[in-house]
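Trainee: Here it is, the structure in full.
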Amino acid sequence: MYQQDYILRHIRLFVQMIARVLGLIKDGDPQFALEVIEGAFRDSLGLSLDDFLAYPQDRLLDFLVFGEMGTLGISKAGYASNLLLQAGIAHRMQNRTDRSNACFEKGLGLILELELSEQGPFELPDFAPGVHDFLKESALKDYSSDVQGALAFYFEKTTEYAQAERVVQAMLEAHPTDPEILDFVRSFYEYLLDETDESLLKGGVRRENLVKILKTL
């Protein structure tokens, strides 16, 4: 009983804080929104926003989840990703492109870790943003190849094959001669070809087109 009450109190706080930040952004006050976000990171997550952005991506989920009661760790991860999404929007409103992109990168990377974790599937809280929430606010080309690669596998997992193909094509356009990227793209197309024709068509791609592209790589 105590554990459930403890988790619910934190979730209510997360929801209230997100609503406050959204209200400030809607009212056109991105600087105050960023100040509130900074306070939220320090008070609820134990790191400044700068420290959170600098934290190694492959250790971030463990940092948020380890030692927390029940579902609180996953709720904290969803909370952090939403704060990062709003921070990216607030920085963009102030024409701080690099800072905005860094927030979007970290937030989407965190959501993809949750979605693709071998420990999952996790039931994300309603206030956690989805992958498409980030892509509506940012350009695919502005993400690192690591995040783009994870994004491609996320879309494969959700059978959004046309979206997955869009991601790997963006990777090719950005790094047309990078051998690691080329190997990844080849492997990914070969991976997609293991799906049935019916499944590929439902996902928006045709087998013959995948084979045609694969031959050019």
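The values are calculated or read from the model by the stated rules, or taken from the named source; none is laboratory data. Every value quoted in this text rests on a predicted model; they were computed, and no experiment measured them. Using ideal geometry, Cβ is built from the backbone for each residue, glycine included, and neighbour counts are taken over all protein chains shown. For accessibility, only protein heavy atoms count, side chains too; no ligands or nucleic acids. Shrake-Rupley method; radii C 1.70, N 1.55, O 1.52, S 1.80 Å.
Trainee: Assuming 0.36 nm per residue, please report the length gained on full extension of the stretch S48 to F127 beyond their Cα-Cα distance. Intermediate results must be reported in sequence, preceding the final value.
Mentor: Values: separation 79, 0.36 × 79 = 28.44 nm, distance 2.10 nm.
That pair, S48 and F127, stretches by 26.3 nm at full extension.
Trainee: Also: Taking square-rooted eigenvalues a ≥ b ≥ c of the alpha carbon gyration tensor, is segment 100-217 rounded, prolate or oblate, where a/c under 1.5 means rounded and, failing that, a/b exceeding b/c means prolate? Before the final figure, lay out the partial values.
Mentor: Working: a/c = 2.03, a/b = 1.34, b/c = 1.51.
In terms of gyration-tensor shape, oblate.
Trainee: So what's the convex hull volume per residue for the Cα atoms of segment 126-181, in Å³?
Mentor: 83 Å³
Trainee: Rounded to a whole number, what % of the accessible area of segment 95-178 do carbon and sulfur atoms account for, probe 1.4 Å?
Mentor: In segment 95-178, the share of accessible area belonging to carbon and sulfur is 45 percent.
Trainee: Largest first and in whole Å, what are the equivalent-ellipsoid semi-axes of the chain based on the Cα gyration tensor, each being the root of 5 times an eigenvalue?
Mentor: After diagonalising the Cα gyration tensor, the semi-axes are 34, 20, 15 Å.
Trainee: Another question about this same structure. Report the full-extension gain for the segment Q31 to E180: residue separation times 0.36 nm, less the Cα-Cα distance, to one decimal in nm.
Mentor: Result for the pair: 49.6 nm of gain on full extension.
Trainee: Which three lengths, in whole Å and largest first, does segment 161-217 cover when its Cα atoms are put on their principal axes?
Mentor: Projected onto the principal axes, the Cα atoms of segment 161-217 cover 33, 18, 15 Å.
Trainee: Tell me, how many Å apart are the Cα centres for segment 95-118 and for segment 30-75?
Mentor: For segment 95-118 versus segment 30-75, the Cα centre distance is 13 Å.
Trainee: Could you check the spin-label model distance between T158 and T97? Points 7 Å from the Cα along Cα→Cβ, value in nm.
Mentor: With each label point 7 Å from Cα toward Cβ, the separation is 2.7 nm.
Trainee: Within straight cross-link reach of K202, meaning Cα distance under 27 Å, which lysines are found once same-chain residues fewer than 8 apart are removed?
Mentor: Reachable lysines: K136, K141, K157, K212, K215.
Trainee: At what distance in nm do the modelled label points of F66 and E190 sit from each other, each positioned 7 Å from its Cα along Cα→Cβ?
Mentor: Label at F66, label at E190, 3.6 nm between them.
Trainee: With axes computed from alpha carbons, what is the tilt in degrees of helix 30-40 against the longest principal axis of the chain, rounded to the nearest 10 within 0 to 90?
Mentor: With rounding to tens, the tilt is 80 degrees.
Trainee: OK, next. If each DSSP helix of 4+ residues adds -39,500 (n - 2.57) and the sum is divided by the residues in the chain, what number results at 222 nm, nearest 500 deg cm²/dmol? Before the final figure, lay out the partial values.
Mentor: On the way: 12 runs with 157 residues, N = 217.
Calculated mean residue ellipticity at 222 nm is -23000 deg cm²/dmol.
Trainee: Considering Cα pairs under 8 angstrom that are at least six residues apart, work out the relative contact order of the chain and quote it in whole percent.
Mentor: Rounded, it is 14 percent for the chain.
Trainee: Ok, one more. Ranked by accessible surface with a 1.4 Å probe, highest first, in what order do T216, T158 come?
Mentor: From most exposed to least exposed: T216, T158.
Trainee: I'd like to check one number: the per residue accessible area of the chain, probe 1.4 Å, reported in Å² as a whole number.
Mentor: Working: 11520 Å² over 217 residues.
I get 53 Å² per residue for the chain.
Trainee: How high is the FRET efficiency between E38 and K212 when r is their beta carbon distance and R₀ equals 35 Å, given to the nearest 0.05?
Mentor: 0.10
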